[in-house]
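Colleague: Before we start, here is the structure in question, set down as structure tokens.
The values are calculated or read from the model by the stated rules, or taken from the named source; none is laboratory data. Since we're looking at a predicted model, the values are computed, not measured. Cβ atoms come from the backbone with ideal geometry, glycine included; neighbour counts cover every protein chain shown. We work out accessible area using only protein heavy atoms, side chains counted, and drop any ligands, DNA or RNA first. Shrake-Rupley method; radii C 1.70, N 1.55, O 1.52, S 1.80 Å.
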Amino acid sequence: MKKTALLLIMCLFATTMANAQRREVRNAERNLSRGNLDVALQHIQNATQDESTKNDPNTWVIKTRIYMEIAASEDPRFSNLAEEPLNQAFAAITKAKDLDVDNKNLLNIQQTKLILSEFFFNAGAIAYNANRYGAASDYFFNSFKVSQSFGSIDTATLYNAGLAAEVAGRADRAIEIYLMVQAMDYEQPYLYTSLTNLFIQKKDFEQAEKWVTEGRRRFPDNLDIIFAEANVYLSSGNIPEARRVLALAIERDPDNANLHYAFAVNYDQMSRDTLFSPDERRFAYEEAIKAYKTAIELQPEYFDATYNLGALYFNEGIRLFIEAENELRANLNFRQYEEKEKVVKEHWLMAQPYLERAFELLDDDDPNFEVVLRSLRELYMRTNQDEKTEKVNRIWNEKFGSEEEE
């Protein structure tokens with residue numbers, strides 16, 4: 001009888017201990033439903049460390065849900081309970097799936113993963129809108145990975161992860177993700193323009209040409225891809241081929257002012273790039289002027305094209321001015337300097353009507369107002385237009401309160 005009583009006591013003790021540990025899980029779930037996330041977290045931490053409950057998939061499902069709620073909480077008492085709570089939630093649900101060898105918790109795990117994937121996506125959208133592009137990329141990528149773990153392939157979310165990485169300046173990571181997207185046969189032309197431009201940045205023109213060619217094969221009429229192809233040739237110094245491709249783009253859409261503007265911007269950049277020869281830069285300068293003028297003819301109130309053309313003329317005058325100053329120091333040929341000074345002034349005066357027109361197109365609360373006003377002020381001062389300089393100074397004083405120091 002004594003042995004029987006002892007055995008009964010031991011069984012009751014073991015049952016009591018097991019119930020006590022399962023109570024930790026129940027308490028965690030109860031406090032989660034009541035919004036007591038700090039208490040819920042403590043109970044579930046106890047449960048995941050105890051032998052009787054740490055191998056139960058349901059324990060880890062509840063832990064996942066607690067971390068998701070922590071991530072979603074706007075209350076600092078709860079939002080600061082864990083670092084990277086969504087990543088911890090992902091680790092917890094992965095643990096739950098590994099433990100669920102008989103698939104008894106399959107539906108519960110799958111439903112939780114679906115919600116977690118949405119949590120990651122929403123976190124990515126919030127981070128992207130807050131200009132936290134690196135974090136956004138990681139969140140979007142994890143959203144994709146969670147979806148993938150229950151058999152759903154969300155290529156659009158994976159593409160978003162690549163896009164955010166690209167904007168964040170994480171070129172290698174963006175390429176890695178974009179190549180994953182491309183392997184899934186995602187129908188998105190910007191995928192190919194991005195891959196092309198990223199490889200251009202890396203000076204890997206062979207890969208850049210490979211991906212723009214594939215983009216052209218898939219989307220032969222897409223102007224962005226045609227323009228990306230031109231960028232490959234411009235960046236690699238193949239000017240004749242760049243001209244051919246750009247001409248093709250304009251031939252297909254000759255009345256597109258934005259296309260002519262984009263054409264001009266690329267040549268504008270090339271004209272200032274010392275990697276190109278003087279002849280190539282001169283060619284680019286002249287092509288930029290023609291394209292800016294065409295864009296303005298098609299769209300007379302095109303501020304960007306108008307201002308950029310004025311700035312192009314003005315900056316060319318600055319370049320020639322510096323060149324003339326350096327030559328004067330070297331040879332003290334004042335007659336030559338005076339001749340070049342006339343050419344410099346001609347460029348500044350060619351800039352004037354475009355900068356003045358750009359200024360007319362602005363409201364005084366436009367973010368470009370100060371930039372254009374500064375440009376006009378410098379132009380008037382360099383060309384000795386005292387009356388206009390005084391007028392610009394008055395506008396400056398009215399707008400900003402005091403005249404700039406020289």
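Colleague: If I build a Gaussian network model for the chain, linking alpha-carbon pairs within less than 10 angstrom, which residue out of ASP56, ASP304, ASP102 has the largest mean-square fluctuation?
Modeller: ASP102
Colleague: Also: Which net charge results for the neighbourhood of PHE314, defined as the other residues with beta-carbon distances under 14 angstrom from its beta-carbon, given Lys and Arg at +1 and Asp and Glu at -1?
Modeller: Net charge in that neighbourhood comes out at +2.
Colleague: Quote the Stokes-Einstein diffusion coefficient, in whole µm² s⁻¹, for the range 189-250, based on the Kirkwood radius over alpha carbon pairs, a temperature of 25 °C and a viscosity of 0.890 mPa s.
Modeller: Translational D for this selection: 224 µm²/s.
Colleague: Work out, in µm²/s and without decimals, the Stokes-Einstein translational diffusion coefficient of the range 75-231 at 25 °C, 0.890 mPa s, Rh from Kirkwood over C-alpha pairs. Write out the running numbers ahead of the final one.
Modeller: On the way: Rh = 17.1 Å.
In µm²/s, the coefficient is 144.
Colleague: Would you tally the net charge around ALA125, using a Cβ to Cβ cut-off of less than 12 Å, leaving ALA125 out, and scoring K and R as +1, D and E as -1?
Modeller: Once all neighbours under 12 Å are counted, the net charge is 0.
Colleague: Which shape class, rounded, prolate or oblate, goes with the range 44-164 when its Cα gyration tensor gives a ≥ b ≥ c as root eigenvalues, a/c under 1.5 marks rounded, and past that a/b bigger than b/c marks prolate? Mind dumping the intermediate values first?
Modeller: Values: a/c = 2.83, a/b = 1.40, b/c = 2.01.
Judged from the Cα gyration tensor, the range 44-164 comes out oblate (a/c at least 1.5, b/c at or above a/b).
Colleague: Additional query: Counting alpha carbon pairs within less than 8 Å and at least 6 residues apart, what relative contact order, in whole percent, applies to the range 315-385? List each step's numbers first, then the result.
Modeller: Values: 38 pairs, mean separation 20.0, N = 71.
Taking the mean separation of contacting Cα pairs over the length of the range 315-385, I get 28 percent.
Colleague: When the convex hull of the Cα atoms of the range 321-398 is projected onto a plane and the area is averaged over all directions, what value comes out in nm²? Numbers along the way, then the final one.
Modeller: Details: hull surface 23.8 nm².
Projected area, direction-averaged: 5.9 nm².
Colleague: Please give me the summed charge of the neighbours of ARG65: other residues whose Cβ is under 12 Å from its Cβ, Lys and Arg +1, Asp and Glu -1.
Modeller: Taking every Cβ under 12 Å from that of ARG65, the sum is 0.
Colleague: Roughly how many Å is it from the Cα centre of the range 37-113 to that of the range 282-301, as a whole number?
Modeller: 60
Colleague: Next question. Only sites in a loop by DSSP and with at most 11 other Cβ atoms within 10 Å count here; which GluC sites (Glu not before Pro) in the range 172-213 make the cut?
Modeller: Values: sites: GLU176, GLU187, GLU206, GLU209; in loops: GLU187.
Passing sites in the range 172-213 are GLU187.
Colleague: While we're here: Using a 1.4 angstrom probe on the protein heavy atoms only, could you order GLU301, GLU370, GLU214 from most to least accessible area? Mind showing how you got there, number by number?
Modeller: Working: GLU301 135, GLU370 65, GLU214 40 Å².
My answer, sorted largest first, is GLU301, GLU370, GLU214.
Colleague: Give me Rg/Rg_expected for the range 285-370, where Rg uses Cα atoms only and Rg_expected = 2.2 N^0.38 Å with N residues.
Modeller: 1.31
Colleague: Considering only protein heavy atoms, what per residue accessible area in square angstrom results for the chain with a 1.4 angstrom probe?
Modeller: 55
Colleague: How many percent of all Cα-Cα pairs in the range 158-289 sit more than 20 Å apart?
Modeller: That fraction is 46 percent.
Colleague: Express the Stokes-Einstein translational diffusion coefficient of the range 356-401 in µm² s⁻¹, to the nearest whole number, given a Kirkwood radius over alpha-carbon pairs, 4 °C and a viscosity of 1.567 mPa s.
Modeller: Result for D is 121 µm²/s.
Colleague: Diagonalise the Cα gyration tensor of the chain and give the resulting equivalent ellipsoid semi-axes, square root of 5 times each eigenvalue, largest first, whole Å.
Modeller: On the way: eigenvalues 863, 148, 59 Å².
They are 66, 27, 17 Å, listed from largest to smallest.
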